[in-house]
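Written below as structure tokens is the structure these notes are about.
The values are calculated or read from the model by the stated rules, or taken from the named source; none is laboratory data. Predicted, not measured: the structure shown is a model, and the values here were computed from it. Note that we place each Cβ from the backbone using ideal geometry, even for glycine, and neighbour counts take in every protein chain shown. Just the protein is used for accessible areas: all its heavy atoms, side chains included, with ligands, DNA and RNA removed. Shrake-Rupley method; radii C 1.70, N 1.55, O 1.52, S 1.80 Å.
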6 protein chains.
Amino acid sequence: MSETWLPTLLTETPEDGFQLAIKLSRLGVKFTQPSAEVREALRPSYAENADSLIATSHVIAVHFQTVASANGYWRHDA
Amino acid sequence: MSETWLPTLLTETPEDGFQLAIKLSRLGVKFTQPSAEVREALRPSYAENADSLIATSHVIAVHFQTVASANGYWRHDA
Amino acid sequence: MSETWLPTLLTETPEDGFQLAIKLSRLGVKFTQPSAEVREALRPSYAENADSLIATSHVIAVHFQTVASANGYWRHDA
Amino acid sequence: MSETWLPTLLTETPEDGFQLAIKLSRLGVKFTQPSAEVREALRPSYAENADSLIATSHVIAVHFQTVASANGYWRHDA
Amino acid sequence: MSETWLPTLLTETPEDGFQLAIKLSRLGVKFTQPSAEVREALRPSYAENADSLIATSHVIAVHFQTVASANGYWRHDA
Amino acid sequence: MSETWLPTLLTETPEDGFQLAIKLSRLGVKFTQPSAEVREALRPSYAENADSLIATSHVIAVHFQTVASANGYWRHDA
């Protein structure tokens, strides 16, 4: 991975912040299982399993807390 | 999805904030499993399972923390 | 539901705040499974299962964090 | 339960705060399963199960965050 | 346990703070299952189980948030 | 472990902060299961299991909240 995969937690909009939270949740998996092949093979076991999807959504929610706080909740973007 | 699916974390009322938390928890699932067909097929496996419902409620609770904090807990809306 | 199901996060006492946290954890379930009949049928599967009860208590704890923070931890009610 | 089961989140010491966190985690269970008889019957299924004990410890940790924050982390009690 | 098992959340270093978080996570288990004999018997069921170890690490992470916040993140120890 | 395994929570960049969060999540496991041999033997059971990877990513997310907060979210590194 290049050194620029996470240059900042600041994003222009809440949407971009949500996408960053998704990216961070996936990075947590990638660094634990670096093989893209293995990760791809596991995909059906979670993308078609309700509880795994809920668990994934949970991780995104935790990262979104961090990103939203970093951005002052984008209060001035209204 | 249009670029306006999350224009702001600010809501008029706590109720609206709770609905936004529900929306965010579902977005976490949608971005992981983009197929509406698959998501719909999975619905009975969580909507009729107590533990899955509790897990869903948990994700909503995490997002509600974020939204409530963004809105200063709606302290001035009493 | 009427528009007044969550008028405010502010409560008079910590006890009331804890009850609000319980209410919020249940609302997370209700909005995911709107059928009162289905929810009632699921009740034995979690109310008599230790792990489900612990998971429910966890969701309440997350919401209680939010409510307690909203109320400044009721520091002046001593 | 009397109206004084949670008069305040403030405690004299971190130890008392940890005990309050334990109490709060149990209250979350009690309000979901009000029958002391059922709760008692469930006790072996979690008190002798490692994962249930870890899950219980997790709920206590979340409540301890709340209680510790309410008490300013007892910074002046050293 | 003596009355001094948790005199303060303040620690000299981040390392000491992490050790305190581990201690707190274990205390959550001890107060739920006071029998050292039972806890010891359960040890293989979690210390040799990946998911239990991850769950334990999760509880430590929550307590470390609390301890790190209490210590102002040890920002002045650099 | 030497006394310098966690000298500070401060990092130069968000990337370094994320790596520190990964390190902290692994330390939580190491202190619970000190045997490198046992941990290595458990590796396939989580690194090739989607739910275990999601759970690991969750722990990283919690630690990243702590590290990001400690670093003021690296707001000045843009």
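Step by step: first the residues of the stretch B:4-26, then only those that are more than 7 Å from every other protein chain (Cβ to nearest Cβ) and farther than 19 Å from B:Gly72 by Cα, then the one that is modelled with the lowest pLDDT. Which residue is that?
Of everything passing the filter in the stretch B:4-26, B:Thr4 is modelled with the lowest pLDDT.
In the stretch A:7-30, how many residues are closer than 20 Å to B:Thr32 by Cβ and either touching a Lys or Arg at 6+ places or on another chain (Cβ under 8 Å) or not in a helix (DSSP H, G or I) (or both)?
Total satisfying the criteria: 3.
Any idea which residue in the stretch F:31-41 is farthest from the other protein chains (Cβ to nearest Cβ), counting only those that are over 15 Å from the mean Cα position of the chain (by Cα) and assigned to a helix (DSSP H, G or I)?
The extreme case among them is F:Ala36.
Conditions first: (1) closer than 13 Å to C:Leu53 by Cβ; (2) at pLDDT below 95. D:Glu40 passes all but one, so which condition is the exception?
Of everything listed in (1) closer than 13 Å to C:Leu53 by Cβ; (2) at pLDDT below 95, D:Glu40 misses just condition (2).
For the stretch B:23-53, enumerate the residues that are surrounded by fewer than 23 Cβ atoms within 10 Å (Cβ to Cβ) and in contact with a His (Cβ under 8 Å, 6 or more places away or on another chain).
none
Here is a list of conditions, (1) surrounded by fewer than 17 Cβ atoms within 10 Å (Cβ to Cβ); (2) facing chain D (nearest Cβ under 7 Å); (3) over 14 Å from the mean Cα position of the chain (by Cα), and E:Ala70 meets all of them except one; can you say which number that is?
(1)
Only residues in the stretch A:32-59 that are closer than 23 Å to F:Phe64 by Cα and among the charged types (D, E, K, R) count as the first member; pair them with residues that are modelled with pLDDT of 95 or more and open to solvent by less than 60 Å² (accessible area, probe 1.4 Å), Cβ under 9 angstrom, at least 6 apart or cross-chain, and list the lot.
Here the result reads A:Arg39/A:Val29; A:Arg39/A:Gln33; A:Arg39/F:Ala50; A:Arg39/F:Leu53, each pair linking the stretch A:32-59 to a residue that is modelled with pLDDT of 95 or more and open to solvent by less than 60 Å² (accessible area, probe 1.4 Å).
Taking the condition at pLDDT 95 or above, open to solvent by less than 60 Å² (accessible area, probe 1.4 Å), within 21 Å of A:Ile22 (Cα to Cα) and more than 15 Å from the chain's Cα centre (by Cα), does F:Thr56 pass?
Criteria not met by F:Thr56.
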